[in-house]
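Have a look at the structure below before the remarks.
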Amino acid sequence: MGSRQHIRDIQSGPPLPYSDDIRAYKKEYAEALDAQDPLRSFRDEFIIPSKKDLKRTTLAADEYSDASDPRSIYFCGNSLGVQPRSTQKYIEQYLRTWATKGVTGHFVPHEDQLLPPFVDVDTSGSKLMAPIVGASQSEVAVMGTLTANLHLLMASFYRPTKEKYKIILEGKAFPSDHYAVESQLRHHNFDPKDGMVLIEPENLDKPTLSTEQIIKVIDENASSTALVLLSAIQFYTGQYFDIERITAHAHSKDILIGWDCAHAAGNVDLRLHDWNVDFAAWCNYKYLNSGPGGIAGLFVHERHGRVDEKQSDSEETFRPRLSGWWGSDLKTRFNMDNKFLPQIGAAGFQLSNPSVLDINAVIASLEIFNRATMKEIRQKSLELTGYLEHLLLKYPLDASAQDKPFTLITPSNPAERGAQLSIRLQPGLLDHVLHSLEENGVVIDERKPDVVRVAPAPLYNTYTEVWEFCQIFLQACKDAVKMR
Ligand SMILES: Cc1ncc(COP(=O)(O)O)c(C=O)c1O
C-alpha cells in the first residue's frame with residue numbers, strides 16, 4: 001500500500017494514535033505517524049549511537065563505520081540525552097577563541113561568533129533557557145550543578161525558626177535530594193529524624209502520590225514546616241506532579257516551595273513563573289542533551305530576586321544568600337571593592353564565573369529546542385508516549401491481559417506524566433529482558449529489582465522506534481516467562 005493512501009486510510013479511522021484498529025498495530029501505521037510528524041526533521045540534529053557503536057571497545061575512528069549503520073533505539077533521554085550534531089561546532093569555536101585570544105577572549109567579539117565573548121555567555125544561556133521552563137530571562141541562571149544549586153537555593157529559602165523548621169519531601173526522592181535536605185537540617189542543628197517529613201506512597205504496587213495526599217501532609221505539618229521540596233517529575237515512577245496546585249497550597253499555609261525539575265526541564269511545558277513557584281533547579285544532561293554532568297540551571301521567582309534601593313548602610317535590600325563575585329551587579333563586578341550588591345534576579349545567585357566549555361554544550365542543544373516551542377514538543381511527547389503505552393498494553397499477543405508479564409507504574413493519565421513510562425516486570429524476568437534489549441540495540445535503564453524506565457524523547461525519537469521497541473520488548477518478556 002502506498003504511504004499516502006495508507007495515511008488517508010488511517011485518517012479516516014479512529015483518532016490517532018490510540019486506535020484499537022488492527023491496522024494500528026502494524027509498522028506502516030507507525031511510519032505514517034512519523035511521516036505526518038511536524039517535528040520529524042529535528043532527529044537529524046542529533047547523533048544517535050549506532051548499534052555497532054554501542055559494541056565498540058575503542059574510540060579510534062573506524063573506517064568501516066558508516067552513517068547508514070542501523071541506529072540503536074535510544075530511549076534513555078531521561079538519564080543522558082544524546083549529543084546534538086552542533087555541539088562539536090560550538091566546542092571547537094570555544095577552543096579556537098581560547099587558543100587565539102587567550103584572556104582577551106573574555107571581551108573581544110568575533111564577526112562569525114556563535115556566542116558572545118566569554119564574559120557574557122551566561123546571559124546567552126539564560127535567554128535560551130527561559131522559554132524552556134516558562135520563566136522570564138531574569139528568573140533563570142545557567143550555573144553550577146543540580147545538587148550544589150539545591151544547596152545554594154536552600155541556603156536562601158530554608159530559613160528555619162525554632163517553631164517552623166521542617167522540610168517536606170518525598171520518601172522516595174532521588175537520594176541526592178534526600179541527602180541535601182538531611183544535611184541542611186543538620187547544618188541548622190536540627191535532627192533529620194524530626195525535621196524531615198517524608199511523603200510515602202500508600203501502595204507500593206503503585207508507588208505514586210496523589211495531590212490530595214501531598215496536600216494532606218502539608219496540612220498536617222503546616223505550623224512546623226519551613227519548606228517543601230518536591231520533584232516536578234518523579235525519577236522512578238515518571239509521575240508529573242500538579243505543580244501549580246501544590247505550590248498554591250503550600251503558599252496558603254505560609255510555606256515556601258521548591259521544585260527539582262531534573263526530569264521535567266525539556267520534557268514538559270513548565271510554567272514556573274505563572275505557577276508562582278518560589279525556586280527550582282535542574283540538570284541539563286537529561287532531556288536537554290548538554291553532556292554528562294554538564295552545567296545546570298536554576299529558577300528564582302522574580303519576587304525573590306528583587307534588589308531594592310538601600311535606605312541605610314547596615315541593611316541588605318535583597319534576599320539573603322550565599323554569594324560570590326559572579327552574582328554581583330555587572331556595573332560593579334570588576335570594582336573589587338568588596339561591597340556585594342547582587343544582579344537582579346536569578347543571575348544574582350551565581351557564585352563563580354561559569355565554565356564556558358559547559359555553557360557552549362548546553363547552548364548547542366538549547367538553540368535546537370528554541371527552534372520549536374515546548375508546547376509543540378510536549379504535544380508530540382504526549383502522542384509518542386501515548387502510543388508506547390497503547391502498544392504495551394493492547395498489542396495483540398496470545399497471552400491474556402492477566403498474564404501480562406509487566407505492569408506500568410507511571411500514571412495512565414497523560415497529564416500526570418512526561419515522556420517516561422516505568423515498567424515493572426514480574427519477579428525473575430528483568431535480567432533476561434535487559435539482555436535481550438541490549439542484544440537488539442535498545443538503550444533504556446533499569447532500577448533494580450524489577451523496573452525498566454523507557455523514555456522516547458520527542459525531538460529525536462520516532463513512532464517507528466516505539467513500534468520496534470515494543471516488538472523487541474514484548475518478545476523478550478514472552479521468552480523470559482518461558483525460561484523462568
Ligand atoms: C531527580 C534528581 N535529583 C538530583 C539528581 C542529582 O543530579 P546531580 O548529580 O547533577 O547533582 C538527579 C540525577 O540524576 C536526579 O535525577
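Computed values, structure above
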{"item": "Value of relative contact order over the chain, rounded to a whole percent, pairs C-alpha under 8 Å and six or more apart", "result": "21 percent"}
{"item": "Within the accessible area of the chain (1.4 Å probe), percent carbon and sulfur", "result": "52 percent"}
{"item": "Accessible heavy-atom area order of SER422, SER323, highest first, probe of 1.4 Å", "result": "SER323, SER422"}
{"item": "Per-residue SASA entry for PHE107, accessible area with 1.4 Å probe, Å² rounded to 10", "result": "130 Å²"}
{"item": "Mean Cβ count within 10 Å, highest first, over the residues of peptides 260-266, 130-136", "result": "260-266, 130-136"}
{"item": "Solvent exposure, largest accessible area first (probe 1.4 Å, DNA, RNA and ligands not counted), of LYS482, LYS380, LYS89", "result": "LYS482, LYS89, LYS380"}
{"item": "Between segment 153-213 and segment 270-332, the Cα center-to-center distance that results, in Å", "result": "22 Å"}
{"item": "CD proxy at 222 nm, helix term only [per DSSP H run n ≥ 4: -39500 (n - 2.57); per residue of the chain; nearest 500]", "result": "-10500 deg cm²/dmol"}
{"item": "Heavy-atom accessible area per residue - the chain, 1.4 Å, Å²", "result": "46 Å²"}
{"item": "Exposure ranking of LYS52, LYS127 by accessible area [1.4 Å probe, largest first]", "result": "LYS127, LYS52"}
{"item": "Three-way shape label, the chain, alpha-carbon gyration tensor, a/c 1.5", "result": "oblate"}
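The values are calculated or read from the model by the stated rules, or taken from the named source; none is laboratory data. Please read all numbers here as calculations on a predicted model, not as lab measurements. Cβ: placed from backbone, ideal geometry, glycine included. Neighbour counts: every protein chain shown. Surface accessibility is based on the protein's heavy atoms, side chains included, excluding ligands, DNA and RNA. Shrake-Rupley method; radii C 1.70, N 1.55, O 1.52, S 1.80 Å.
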